[in-house]
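This report concerns only the one structure given below.
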Amino acid sequence: MNKIMEQLLSIEYGSFYENYIEKASNYNSILEGLEETKNDLISFYKNLPETKLMYQYDVDKWTPKDILLHLIDSERIFAYRALRIARNDKTSLPGFEENDYVPQANANARDLSDLLEEFISVRVSTFTLFKSFSEEQLLRIGTASNNPVSVRAIGYITIGHALHHKQIIEERYL
């Protein structure tokens, strides 16, 4: 078991997020992971062949542009959850239906440079937010999507979620 998985207690996140936590476990800190995955994803998307940006490997599957905007939307939601929980808001936070967001997001009508600019802005904001949290705030646990989740778990979930979708593109789109 690696250091991150040892540190995060099973009560800090729902089992659904275990894959994301595992993928993020190579990073020594949330801030390191946020910064490195930002740079990695920018480079990855810039190097995707133009013909693959709107490719769907099957009917009703998202394009890489859809996936990038999904990462942006999800990261905004994850950061909002982290903020609320860090500030000791005890409200149970609802889940969101990602498949309802994608058709409304219109990612395929946008330029890749515009999507990357938005991703960078959101990631810098997420980085700054997590940088502001004290150790006590990172350990604070709230409820999101009917599961307990700590602020620090949300940080690693954000990192692992991006890595998960990058891996899907590598395996199914290229």
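Values quoted throughout were computed directly from the atomic coordinates according to the rules given, and no laboratory measurement underlies them. Quick caveat, the model's predicted, so the values are computed rather than measured. All Cβ positions, glycine included, derive from the backbone under ideal geometry; neighbour counts span all protein chains shown.
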Segment 33-97: GluC sites (Glu not before Pro) falling in loop per DSSP and having at most 13 other Cβ within 10 Å: 97
Expressed in nanometres to one decimal, the distance between label points 7 Å along Cα→Cβ at residue 29 and residue 7 is 0.9 nm
If you plug each phi of segment 24-30 into the Karplus form 6.51 cos²θ - 1.76 cosθ + 1.60 with θ = phi - 60°, what whole-Hz ³J(HN,Hα) values come out, in order, with x for Gly and Pro? 8, 6, 6, 8, 6, 8, 4
What aspartates and glutamates sit close enough to residue 166 to cross-link, taking a C-alpha to C-alpha distance under 13 Å and skipping anything fewer than 8 places away on the same chain? 40, 66
Equivalent ellipsoid, segment 66-136 (semi-axes from 5 times Cα gyration tensor eigenvalues, Å): 26, 17, 6
Go through segment 79-95 residue by residue and turn each phi into a ³J(HN,Hα) via Karplus (6.51, -1.76, 1.60, θ = phi - 60°); whole Hz please, and just put x for glycine and proline. 5, 4, 4, 4, 4, 4, 5, 4, 7, 6, 6, 8, 5, 6, 8, x, x
Using the reciprocal of the averaged 1/r over all distinct C-alpha pairs, how large is the Kirkwood radius of segment 91-174 in Å? 15.2 Å
Please go through segment 1-88 and write out the chymotrypsin sites (Phe, Trp or Tyr not before Pro) that DSSP classes as loop and that have at most 15 other C-beta atoms within 10 Å. 57
Could you tell me the convex hull volume per residue, in Å³, taken over the Cα atoms of the chain? 113 Å³
Taking trypsin sites (Lys or Arg not before Pro) as exposed when in a DSSP loop with at most 12 other Cβ atoms inside 10 Å, the chain has its longest clean stretch at 1-86
Mind jotting down a quarter of the surface of the convex hull over the alpha carbons of segment 1-82, in square nanometres, one decimal? 6.9 nm²
